[in-house]
1. Can we say Leu118 is of a type in the set (A, V, I, L, M, F, W, C) and in contact with a strand residue (DSSP E or B) (Cβ under 7 Å, 6 or more places away or on another chain)?
2. Looking at the stretch 136-172, which of the residues that are of a type in the set (S, T, N, Q) and within 20 Å of Leu7 (Cβ to Cβ) is most open to solvent (accessible area, probe 1.4 Å)?
3. Go through the residues of the stretch 62-78 one by one and say whether even a single one is among the hydroxyl-bearing types (Ser, Thr, Tyr), closer than 23 Å to Asp133 by Cβ, at pLDDT 90 or above and touching a helix residue (DSSP H, G or I) at 6+ places or on another chain (Cβ under 7 Å).
4. Is it the case that the stretch 45-60 has a residue that's open to solvent by less than 20 Å² (accessible area, probe 1.4 Å), closer than 22 Å to Asp150 by Cβ, more than 10 Å from the chain's Cα centre (by Cα) and not small (Gly, Ala, Ser)?
5. If a residue has to be open to solvent by 10 Å² or more (accessible area, probe 1.4 Å), more than 14 Å from Ile165 (Cβ to Cβ) and in a helix (DSSP H, G or I) to count, how many in the stretch 103-135 make the cut?
6. With the requirement that a residue be touching an Asp or Glu at 6+ places or on another chain (Cβ under 8 Å) and closer than 22 Å to Arg98 by Cβ, what does the stretch 18-39 give you?
7. Among all residue pairs at least 6 apart or on different chains, which show Cβ distances below 8 Å where the first residue, located in the stretch 79-100, is closer than 21 Å to Leu159 by Cα and free of Cβ contacts under 8 Å to residues at least 60 places away in the same chain and the second is of a type in the set (Phe, Trp, Tyr) and open to solvent by 80 Å² or more (accessible area, probe 1.4 Å)?
8. So is Arg68 farther than 22 Å from Ser6 by Cα, touching a residue at least 40 places away in the same chain (Cβ under 8 Å) and out of contact with any Leu (no Cβ under 9 Å at 6 or more places or on another chain) or not?
Amino acid sequence: FHAPKSLGDENFIMACWHGELLMIPYAYMYYKKIPNVKLIISEHFDGNLIAKTLNKFGFSTIRGSSTRGGVKALLDGIKSLKNHLDIGITPDGPKGPRYEVHDGIVVMAQKTKKKIVLVSIKPTKYWQIPSWDKFVIPKPFGVLHYYISDTIDVSDVSLDKAKQIIKDGLTR
């Protein structure tokens, strides 16, 4: 782990690229031993599989994305943040384009004045799915490198500037 020792007591929004989302729960559990988070998951078929898996590990989900159910997901995310829950999101999901930040993460952060934590996960050995996000599945016996940022405050910057800050922070 390359991470701050603590993220403080405030709830936050944790983000990673869609292609790296498989190992995001482990990064979250580095800070919170008991899940206090809702992960935004698409309403698509693959989202159903992900949501069922995450629920088995004690993670709650909000269903919706930029392509289906986006307004509901955005409002549920804002409500959850105001109720002191953390939010997990893939800012380029569910259909890309890869490494392009959609507006939702910024809107949630700015409406609630919550900070964002960026997570990059780089395995030394992995399979890569030939999909739009080049989804990464770590192979056994490799090493997972987690890079977790300090909290980032985007409450007082423009939408475009905030999206660039997030993109730059995730693309290292």
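1. Yes.
2. Top of the filtered list is Thr151.
3. Looking only at the stretch 62-78, we keep the residues that are among the hydroxyl-bearing types (Ser, Thr, Tyr), and these are 65-67.
If we keep only those that are closer than 23 Å to Asp133 by Cβ as well, we get 65-67.
Those still in the list that are at pLDDT 90 or above too: none.
Within the stretch 62-78 (the criterion being among the hydroxyl-bearing types (Ser, Thr, Tyr), closer than 23 Å to Asp133 by Cβ, at pLDDT 90 or above and touching a helix residue (DSSP H, G or I) at 6+ places or on another chain (Cβ under 7 Å)), the answer is no, since none of the residues qualifies.
4. No, the stretch 45-60 contains no residue that is open to solvent by less than 20 Å² (accessible area, probe 1.4 Å), closer than 22 Å to Asp150 by Cβ, more than 10 Å from the chain's Cα centre (by Cα) and not small (Gly, Ala, Ser).
5. The total comes to 4.
6. Those that are touching an Asp or Glu at 6+ places or on another chain (Cβ under 8 Å) and closer than 22 Å to Arg98 by Cβ: His18, Gly19.
7. Every condition considered, the pairs that remain are Lys95/Trp132; Pro97/Trp132.
8. So Arg68 does not fit the description; no.
The values are calculated or read from the model by the stated rules, or taken from the named source; none is laboratory data. Only a predicted model underlies this, so the values are computations on that prediction, with no experimental measurement involved. Using ideal geometry, Cβ is built from the backbone for each residue, glycine included, and neighbour counts are taken over all protein chains shown. In case anyone asks, the SASA skips ligands and DNA or RNA and just uses the protein heavy atoms, side chains included. Shrake-Rupley method; radii C 1.70, N 1.55, O 1.52, S 1.80 Å.
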